[in-house]
Amino acid sequence: MRRTMLVLGILALAVGVHAQDDPEMNAAENDLKSAKSHLQSAPHDYAGHRKEALEHVDKALTNVREGLAANQKKENKVEKKEQRLERKDERLKK
C-alpha cells in the first residue's frame, strides 16, 4: 500500500496544472480572439499586412488550442493510471 501511495503521489506531481485551470493560456486565447476581431474590423488592407496578421493570429489560436488539448490528453492518461492503481490497491486490501 505504501508503494501504491508513493506512485500516486508521484503521478499527482507529474500532472501539473490542469488545462482548464491555466489562466495564462486562457487569457492568451481571449486576447488573440480580440486581436482577430480588431484586425477584421480594420478599414484598410494595409498592403496585405492585415491579411497576413490575421493568418498569424489564426495560427497562434490553433497552437494555443492544441497545447491545451495536448495537456488535457496527458492529464487523462495520468488519471487513468491513478484509477488503475487505486483498483489494484483495493484488490490487494481484500
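Just so it is clear, none of the values below were taken in a lab; they were calculated from the coordinates. Owing to the predicted nature of the structure, the values given are computational and were not obtained by experimental measurement. FYI the Cβ positions are ideal-geometry reconstructions off the backbone, even for glycines, and counts take in every protein chain you see.
Nearest 0.05, what FRET efficiency do A35 and N76 give at R0 = 25 Å with Cβ-Cβ as r?
For A35 and N76, the calculated efficiency is 0.25.
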*Could you pull out the pairs from K36/K77; K33/K74; K51/K80 whose alpha carbons sit more than 32 Å apart here?*
K36/K77; K51/K80
*asked:* At a 10 Å Cβ-Cβ cut-off, how would you order E75, E52, fewest neighbours first?
replied: E52, E75
*Could I have the simple spin-label model distance between K93 and R65, label points 7 Å from Cα toward Cβ, reported in nm to one decimal?*
4.3 nm
*Using the alpha-carbon centroid of each, what span in Å lies between segment 21-35 and segment 63-94?*
26 Å
*List the lysines whose Cα lies under 17 Å from the Cα of K81, skipping any in the same chain that are fewer than 8 positions away.*
K73
*With each pseudo-label sitting 7 Å past Cα toward Cβ, what's the N26-A42 distance in nm, one decimal?*
3.0 nm
